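So the structure is just underneath, and the comments pick up after that.
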Amino acid sequence: MIKFLDLQKINLQFQKEIEEEIIKVYRSGWYLLGEKVREFENNLAKYIGVQETVGVANGLDSLRLILKGYKELGVINEGDEVIVPANTYIASVLAISENGLIPIFVEPDEQTFNIDISKIEEKITSKTKAIMIVHLYGQAIFSNELKLLAQKNNLKIIEDNAQAIGAEWNGIKTGNLGDAAGFSFYPGKNLGALGDAGAVSTNDADLAQTIRTLANYGSEKKYINKYRGLNSRLDEIQAVVLNTKLKYNDQENQKRRAVANYYLNNIKNARIELPKIENCIQNKQHVWHLFVIRCKQRDELQEYLTKNNIQTLVHYPIPPHKQEAYSNYNHLHFPITEKLSKEILSLPISAVLHQDEIKKVVKILNDY
Ligand SMILES: *Cc1c(COP(=O)(O)O)cnc(C)c1O
């Protein structure tokens with residue numbers, strides 16, 4: 001069977017190096033708030049090109065903490081609105097609603113699956129305080145118009161960079177395009193830990209310090225609590241895993257580009273619509289966390305692939321506003337988002353996908 005993602009094989013590539021580092025942590029007796037996390041934060045900051053990063057427990061927390069940090073700093077208040085793409089993973093929306101803020105959904109562009117920047121301005125009200133962009137499927141989304149729009153309306157740009165570590169827009173890495181960004185190192189992400197992990201990046205030293213404090217029970221000094229914080233710490237073991245894998249991130253992303261490029265050049269089936277991108281191999285705007293095709297008979301195609309031992313997934317079958325968890329938004333209608341959710345299908349893609357496997361996926365798809 002061709003797995004959607006073979007994590008065992010991915011991590012086997014770095015096994016010796018990572019195991020040695022893990023043993024060092026094991027033997028050190030120091031597991032939280034230590035030098036390994038600091039080292040990873042410094043390396044990540046250098047890699048992204050930002051002043052500050054803060055390791056946290058997971059990707060959802062990274063986004064929650066950015067918004068909570070802005071609330072503590074008085075930039076955003078309970079009941080304010082945050083613009084977010086309607087077709088994102090639910091975590092982006094949860095981070096907003098968990099903070100007592102209102103998500104304002106914007107439709108994606110059908111070609112890129114990313115938020116349609118031209119549809120943001122009409123959604124801005126006196127309550128809008130931030131725009132959360134999501135570099136969906138690994139493709140960076142940004143524009144000078146977006147930056148100007150945010151400046152003109154005094155809005156923070158928050159990046160959900162869970163899927164796009166290493167992607168660039170105009171030579172600037174995602175995570176350094178807006179005011180603050182959240183990262184996820186969930187095992188299946190391009191840079192994956194051996195469990196949950198996440199980080200925040202920003203050039204705002206006050207925000208970084210606030211988030212660092214919030215993530216540690218709101219405490220800067222032991223047993224002195226400045227905020228009603230939470231426990232959202234990155235641990236030393238995950239930090240050494242990430243430190244090791246970060247060194248290989250560009251190389252891994254480049255291998256993903258090669259797989260995507262092969263799919264783009266060789267999948268030929270009138271019923272299948274491929275993602276559109278120019279110069280796939282050189283194009284740093286996309287790190288191909290997911291390779292998402294479209295097909296009107298998506299469920300049938302997925303079943304056909306399953307029968308042919310090719311595992312696929314749908315990211316995502318039900319948009320947040322149609323989830324039971326958001327029954328208050330179920331009446332809303334976003335036709336592009338809803339249509340995409342019925343047509344999209346994610347093919348296997350990773351740095352360890354074998355050439356024979358890639359060829360098989362192409363052949364089976366072309367025979368469909
Ligand atoms: C994975 C993901 C998250 C959440 O990350 P976790 O580490 O699972 O909490 C948030 N946003 C997007 C777009 C994601 O893909």
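The values are calculated or read from the model by the stated rules, or taken from the named source; none is laboratory data. What you are looking at is a predicted structure, and each value in this text was computed from that prediction instead of being measured. Using ideal geometry, Cβ is built from the backbone for each residue, glycine included, and neighbour counts are taken over all protein chains shown.
Here ILE90 qualifies as in the same structural domain as GLN139 (by the TED database) and within 30 Å of THR213 (Cα to Cα). Taken over region 177-203, the residue count meeting the criterion of being more than 24 Å from VAL25 (Cβ to Cβ), buried (at least 21 other Cβ atoms within 10 Å of the Cβ) and either within 15 Å of the ligand (Cβ to nearest atom) or not β-branched (Val, Ile, Thr) (or both) is 5.
Residues that are within 14 Å of the ligand (Cβ to nearest atom) and over 14 Å from HIS321 (Cβ atoms) within region 95-106 comprise ALA95, GLU98, listed in sequence order. Can you confirm whether ILE102 is in contact (Cβ under 8 Å) with a residue 24 or more places away in the chain, farther than 30 Å from PRO348 by Cα, in contact with a strand residue (DSSP E or B) (Cβ under 8 Å, 6 or more places away or on another chain) and among the β-branched types (Val, Ile, Thr)? Yes. Among the residues of region 88-127, none is identified as touching a His at 6+ places or on another chain (Cβ under 8 Å) and small (Gly, Ala, Ser).
Residues of region 183-225 that are within 21 Å of ILE237 (Cβ to Cβ) and assigned to a strand (DSSP E or B): PHE183, SER184, GLY198, ALA199, VAL200, ASN216. Has region 128-139 got at least one residue that is surrounded by fewer than 17 Cβ atoms within 10 Å (Cβ to Cβ), away from the ligand (no atom under 13 Å from the Cβ) and of a type in the set (S, T, N, Q)? No: region 128-139 contains no residue that is surrounded by fewer than 17 Cβ atoms within 10 Å (Cβ to Cβ), away from the ligand (no atom under 13 Å from the Cβ) and of a type in the set (S, T, N, Q). Residue count for region 272-295, restricted to those that are more than 21 Å from ASP6 (Cβ to Cβ), in contact with a Lys or Arg (Cβ under 7 Å, 6 or more places away or on another chain) and either assigned to a strand (DSSP E or B) or not aliphatic (A, V, I, L, M) (or both): 3.
Looking only at residues in region 84-94 that are more than 9 Å from the ligand (Cβ to nearest atom) and either in a helix (DSSP H, G or I) or not aliphatic (A, V, I, L, M) (or both), which one is surrounded by the most Cβ atoms within 10 Å (Cβ to Cβ)? Checking each candidate, the answer is PRO85.
Restricting region 312-368 to residues that are in a helix (DSSP H, G or I) and hydroxyl-bearing (Ser, Thr, Tyr) leaves a set whose member that is surrounded by the fewest Cβ atoms within 10 Å (Cβ to Cβ) is SER327.
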